[in-house]
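Peer 1: Encoded as structure tokens, here's the structure I'll be asking about.
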Amino acid sequence: MSKLLHGVRRNLFSSWPSALATLAILWLAARWLPPFFDWAIAQAVWRAPDARACRAAQGACWAFVSEKHRFILFGTYPFEQQWRPAAASALLVALWGLSALKACWKWWLPAAWAAGLALIGALMWGGVLGLPYVENERWGGLILTLLLASFGAAFAFPFAILLALGRRSGLPVLRYACVGYIELVRGVPLISVLFMASVMLPLFLPAGASIDKLLRAQLALVLFASAYLAEVVRGGLQAVPRQQVEAAQALGLGYPQTMLRVVLPQALRMSIAPLVNTFIGFFKDTSLVLIIGLFDFLSTVKVSLQDPAWSGFGVEAYLFAALVYFVFCYAMSAYSRSLEAKPALDAAAGLRRE
Amino acid sequence: MKLRGLALQAALAAVLALLFWWFYSNAAANLAARGIASGFAFLRREAGFEIGETTFAAYSAADSYLRALAIGLANTIRVAALGVLLATALGAAAGLARLAPNWLLGKLAGAYVEAVRNVPLLVQLFFWYALITEGLPAPAEALHPLPGVFLSNRGIHFPLPGDLPVLSGFNFAGGGALTPEFAALLAGLTVYTAGFVAEIVRAGVLSVPRGQLEAARSLGLGRRDELRYVVLPQALRLMVPPMTSQYLNLAKNSSLAVAIGYPDLVSIANTTMNQTGQAIEGVAVIMAVFLTISLSISALMNWYNRRAALRGLAP
């Protein structure tokens, strides 16, 4: 008991300013927490047949979320077939979870991804195994956000490695091309790259040729993410000691061998945590496809608010959306922090010390 | 070996040139087929759309596209400049609070930082906009937290010297006003960016070696003097580069205004592109303006960085 009192005094009342801050926080909590609790839980409506019960109540209308959850999660995907995007989402999340485990960083992981993505494609499009065909204009909701982020990262990453290597190349034309690309993309907002893909790209292609809207947005996201990932990879490349390259050359390895077998394995290992952080930013950025009219998770939330029978519950709807994004992003940032905390993972650190 | 390098570069240059030429010829053919004249001549034409709010200059639908875009740019600069100031202040406060010896304050600041960093800015903007337009009462029952300040679903009204806002009809007249769109965008940008600024401030302060703090304390400096004369001058130097990229992010993120209907540059350019079909020119304007803003902020921060670094190195 005295230990507790001592802790309270040391952590909350160690000095006059600290004591004042504690009292101010407690006062604000006493003033704002009960009404917030009332709104969010006590007076909230959790289930209701229509919006009338919600409008009569004083509290939050979580019934909006339970009423619209199918649309928010799956968009306009055919209702009886919605187990397919659900299964695809679960599969995708499982693949990400598997990739996070160090024990799974084996030769079969890329193979598992290829098989998983093929299965997801089969599930989503259908047309095989008796599944009815669903064109990708009808895909929407959470699975679209997850797909945009997954495919975006998968295609941006190799491209980013090439850009980073190009930026450090001794060939001036190659170097300037890569620097120009990276700095241009990083200097403009994502929305302008998305506009470019949605309104400019059709103009740049021969008349008659057209690329699907979803593919165009995906392309824009890949181009955008690769510039940011390239800078992270470059940071990793710079951290590899020069002697490693010299040793590889002394062994008679050519440039591709030096990079693939000596430099990149060390550089990428060191940049895993910042890569995950960049990916979190990218995952959040996929929500911008809403502006060019794609049906991602945030977009289905927004559209579900346009139902006149259920209008006016934006605060609840966006809090729910925030919670879903938070779960994904927080899990990833906790993972990235755990990587940073494990120095054993940094195999190159041992090399650097010698 | 040298020859191979040269050949490789020549091939790359040729491929890039071909690609650009192919894009160019396709675009020229497509524009001709659609009857759109390329070039910036359309900027002189009458815009024909209204703009909800303007900064420093008047505008009417009879003005040119050029003027409309200039108004958009002024609106972008207004929200970005205010956002940078407020985000720096809030972020510094949250970052220092996270380091405070007070457990409650530290946890509170930590929860804030985690919450805003892990939710997309666009969700936060929609949330603030919904909170203002749906959560706040009508002007007649406006919240009245401070004398002369009114919060309602028509925005925030506050007093200016000698000019108080008064309820007239369905809205307030007089005083200063922030529209719901502007208030939501400013709140979103500030609260979001401050989460990142807080982490930079915290890392900067933590980077100051312990010996420096002990030296300050042995000189008998109080906590405030210690922070002001010992910690911050050293931490600031480390904080400048990441702060620069946060300011750049804030300026770029202000383009999300288009999603909640604040008439910034991107939103006006978007309307212009939809009306005229001048997509290439519209995107080029957006990119040119943001590249200019990015380069200016970088130049400004580099200048500050040189000054801060020099002061430390001077004997």
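Peer 1: Tell me the relative contact order for segment A:1-117 as a rounded percent, counting alpha carbon contacts under 8 Å between residues six or more apart.
Peer 2: Taking the mean separation of contacting Cα pairs over the length of segment A:1-117, I get 12 percent.
Peer 1: Working out 0.36 nm times the residue gap between B:LEU160 and B:ARG307, then minus their Cα-Cα distance, what length gain in nm do you get to one decimal?
Peer 2: 49.2 nm
Peer 1: Go through the cysteines of chain A and tell me which have no other cysteine Cβ under 4.7 Å away.
Peer 2: A:CYS104, A:CYS178, A:CYS329
Peer 1: Could you list, in their original order, any pairs among A:LYS106/A:LYS302; A:LYS213/A:LYS284; A:LYS102/A:LYS284; A:LYS213/B:LYS252; A:LYS106/A:LYS213; A:LYS302/B:LYS107 whose Cα atoms are separated by more than 29 Å?
Peer 2: A:LYS106/A:LYS302; A:LYS106/A:LYS213; A:LYS302/B:LYS107
Peer 1: Something else now. Amide H neighbours of B:SER152 under 5 Å, counting only residues 5+ apart in sequence or on other chains, H built in-plane at 1.01 Å?
Peer 2: The answer is B:HIS157.
Peer 1: Okay, moving on. Bin width 20 Å, alpha-carbon pairs only: give the P(r) of the protein assembly as shown as whole percents, running from 0 to the bin holding the largest distance.
Peer 2: Spelled out bin by bin, the protein assembly as shown gives 14, 47, 33, 5, 0 percent.
Peer 1: Let me ask another. Please name whichever of B:VAL113, A:ILE292, B:ASN253 sits farthest to the positive end of the charge dipole of the protein assembly as shown, dipole taken about the Cα centre and charges placed at Cβ: Lys and Arg +1, Asp and Glu -1.
Peer 2: B:VAL113
Peer 1: Only four residue types carry charge here, +1 at the Cβ of Lys and Arg and -1 at the Cβ of Asp and Glu. Report the dipole size of segment A:205-288 about the Cα centre in Debye, rounded to the nearest 20.
Peer 2: Using only the charged Cβ atoms, the result is roughly 60 debye.
Peer 1: Sort B:LEU219, B:LEU86, B:LEU8 so the one with the fewest other Cβ atoms within 10 Å of its own Cβ comes first.
Peer 2: B:LEU219, B:LEU8, B:LEU86
Peer 1: Listed highest first by mean packing, meaning other Cβ atoms within 10 Å per residue, what order do B:20-32, A:302-314, A:81-93 come in?
Peer 2: Top to bottom by mean Cβ count within 10 Å: A:81-93, A:302-314, B:20-32.
Peer 1: Then there is this: Once amide H atoms are built 1.01 Å from N in the peptide plane, which residues 5 or more positions from B:ALA177, or in another chain, come under 5 Å H to H?
Peer 2: B:PHE158
Peer 1: Project the alpha carbons of segment B:105-181 onto their principal axes and report the range along each, largest first, in whole Å.
Peer 2: Projected onto the principal axes, the Cα atoms of segment B:105-181 cover 42, 25, 18 Å.
Peer 1: Taking 0.36 nm per residue of separation and subtracting the Cα-Cα distance, what length does fully extending B:ALA111 through B:SER168 add?
Peer 2: 16.4 nm
Peer 1: Given the options B:ILE71, B:ILE268, B:ILE280, state which has the largest fluctuation in a GNM of chain B using a 10 Å cut-off (strictly under) for Cα springs.
Peer 2: B:ILE280
Peer 1: Using a 7 Å offset from the Cα along the Cα-to-Cβ direction at both B:SER38 and B:ASN274, what is the distance between the two label points in nm, to one decimal?
Peer 2: Taking the two extended label points, one gets 2.6 nm.
Peer 1: Taking the number of other C-beta atoms within 10 Å as the exposure measure, put A:PHE295, A:PHE155 in order starting with the fewest.
Peer 2: Listed from fewest to most nearby Cβ atoms, that is A:PHE155, A:PHE295.
Peer 1: Averaging sequence separations of C-alpha pairs under 8 Å and six or more residues apart, then dividing by the length of segment B:126-229, give the relative contact order as a whole percent.
Peer 2: Computed over segment B:126-229, the figure is 19 percent.
Peer 1: In percent, what relative contact order does segment B:66-180 have, based on Cα pairs under 8 Å that are 6 or more apart in sequence?
Peer 2: 13
Peer 1: May I ask you to sort B:GLU281, A:GLU80 by Cβ crowding, counting other Cβ atoms within 10 Å and putting the fewest first?
Peer 2: Fewest to most other Cβ atoms nearby, the residues stand as A:GLU80, B:GLU281.
Peer 1: Among the helices of chain B (complete DSSP H runs), which have Cα atoms covering no less than 30 Å along the helix axis and a Kyte-Doolittle mean of at least 0.0?
Peer 2: Helices meeting the criterion: B:2-34, B:65-99, B:180-206, B:279-313.
Peer 1: Give a residue-ordered list of calculated ³J(HN,Hα) values for segment A:199-207 (Karplus: 6.51 cos²θ - 1.76 cosθ + 1.60, θ = phi - 60°; whole Hz; x for Gly, Pro).
Peer 2: 10, 8, 4, x, 6, 7, 9, x, 3
Peer 1: May I pose another question? For every other residue with a beta carbon closer than 13 angstrom to the beta carbon of A:SER15, add +1 if it is Lys or Arg and -1 if Asp or Glu, then tell me the sum.
Peer 2: +4
Peer 1: Still on this structure: Might you report the magnitude of the Cβ-based charge dipole of segment A:123-251 about its Cα centre, with Lys and Arg at +1 and Asp and Glu at -1, to the nearest 20 debye?
Peer 2: In total the dipole reaches around 300 debye.
Quick note: the coordinates plus some simple rules give every number you see, no bench work behind them. Keep in mind that this is a model prediction, so the values were computed, not measured. Glycine gets a Cβ as well: all are built from the backbone with ideal geometry, and neighbour counts include every protein chain shown.
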